[in-house]
Amino acid sequence: MPRDPQGAARHAMVREQVRARGVRDRRVLAALATVPRHAFVPPALLHAAHDDAPLAIGCGQTISQPYMVALMTAALATRRTHRVLEIGTGSGYQAAVLAHLVRRVFTVERLDALSAAAAERLTALGYRNVVYRVGDGSEGWPEEAPFDGIVVTAAAPDIPAPLLAQLAPGGRIVVPVGDRSLQVLTVAERGPGGLRTWTEGACRFVPLIGPHAFAERP
């Protein structure tokens, strides 16, 4: 087998930053231990690829902190047969993690350059179950709905109504809800009795831009 020079750092990241903080979903832990996180950060930040912090990836966007990726992914409670929508492709790291867990990932990014770079990166790494779209993330991807899970990797003032409408029965949506400076990670599940909502703690994300989120400028 080819040598994995980043393997030790990646496994330490999962052990010390994710599992030690209470994320115990074995499938999620295995996905984070497998996805080469260093391949999703700019070369100048390679030394910090496994740090316990978000990192800038250009265009004013970030790759989320490993723990936050794990927490959001675990909150989706995915199954192998699921179809999941990601809002905010960014570097493609979250999509790669999801690709190990579900049948198909649909990912929407509003910035052409980021979407193209992520698609090239994921294709080069061998991911074949990810579908890309450039567009308004707050509108979701209605043509492919319903989705078993929806994860929004940007902050919104509330859960966007179009995304809720695209959630399948029994499905879950995970969204950072709040203002532009601080949010609460919010999870909603569509059950037989309606929508059940709970929170998973404070977080900080870049804003989701769109008619069902924040305006382009504050």
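For the chain, what is the calculated [θ] at 222 nm in deg cm²/dmol (nearest 500), taking -39500 (n - 2.57) for each run of four or more DSSP H residues and dividing by its residue count?
Helix contribution divided over all residues of the chain: -6500 deg cm²/dmol.
Once you list every other residue whose beta carbon is under 15 Å from the beta carbon of L111, what net charge do they have if Lys and Arg are +1 and Asp and Glu are -1?
-3
Measuring from a point 7 Å past the Cα of L45 along Cα-to-C-beta, which residues in the stretch 127-168 have an amide N at less than 19 Å?
Residues 152-155 fall inside that zone.
When the convex hull of the C-alpha atoms of the stretch 1-75 is computed, what volume per residue in Å³ does it have?
Per-residue hull volume (Cα only) is 91 Å³.
Nearest 20 debye, what's the magnitude of the dipole of the chain about its Cα centre given +1 on Lys and Arg Cβ and -1 on Asp and Glu Cβ? If you can, show how the numbers build up before the last one.
Working: 24 positive and 19 negative charges, 169 e Å.
Roughly 820 debye, rounded to the nearest 20.
Please sort by residue number the trypsin sites (Lys or Arg not before Pro) in the stretch 120-218 whose DSSP state is loop and whose Cβ has at most 11 other Cβ atoms within 10 Å.
Hits after loop and neighbour filter: R128.
Along Cα→Cβ, 7 Å out, is where each label goes; now give me the distance between the ones at D179 and A113 in nm to one decimal.
With each label placed 7 Å out from Cα toward Cβ, I get 3.0 nm.
In debye, nearest 20, what is the charge dipole magnitude of the stretch 1-106 about its Cα centre with +1 on Lys and Arg Cβ and -1 on Asp and Glu Cβ, if you could check?
For the stretch 1-106, the charge dipole is close to 580 debye.
Around L167, which amide H atoms from residues at least 5 apart in sequence, or from another chain, sit under 5 Å from its own amide H, with H modelled in the peptide plane?
Here the answer is F147, since their amide H atoms fall under 5 Å of that of L167.
Counting only Cα, what are the radius of gyration and maximum Cα-Cα distance Dmax of the chain, in Å?
Over the chain's Cα set, Rg and Dmax evaluate to 16.1, 51 Å.
Checking the a/c ratio against 1.5 first, then a/b against b/c, what shape does the Cα gyration tensor give for the stretch 176-218?
Oblate.
For the stretch 1-108, run through the trypsin sites (Lys or Arg not before Pro) and keep only the ones in DSSP coil with at most 15 other Cβ atoms within 10 Å of their Cβ.
When the trypsin sites (Lys or Arg not before Pro) of the stretch 1-108 are filtered for loop state and at most 15 Cβ neighbours within 10 Å, R3, R24, R79, R80, R103 remain.
Out of all DSSP beta bridges with both ends in the chain, state the antiparallel percent to the nearest 5. List each step's numbers first, then the result.
Values: 18 of 39 bridges.
Around 45 percent of the beta bridges assigned by DSSP in the chain are antiparallel ones.
With charges set only on the Cβ (+1 for Lys and Arg, -1 for Asp and Glu), what does the dipole of the stretch 53-157 come to about its Cα centre, in debye to the nearest 20? Could you put the intermediate results ahead of the total?
Details: 9 positive and 9 negative charges, 90 e Å.
Computed about the Cα centre, the dipole is about 440 debye.
Can you work out the FRET efficiency for the pair R21 and N129, with r the C-beta to C-beta distance and R0 = 30 Å, to the nearest 0.05?
My answer for the efficiency is 0.60.
Over the chain, what relative contact order in percent results from Cα pairs under 8 Å that are six or more residues apart?
That works out to 15 percent.
Computed from the coordinates by the stated procedures, all read-outs in this text should not be read as laboratory data. Model, not experiment: these values are computed from the prediction. Here Cβ is always computed from backbone atoms with ideal geometry, including for glycine, and neighbour counts include all displayed protein chains.
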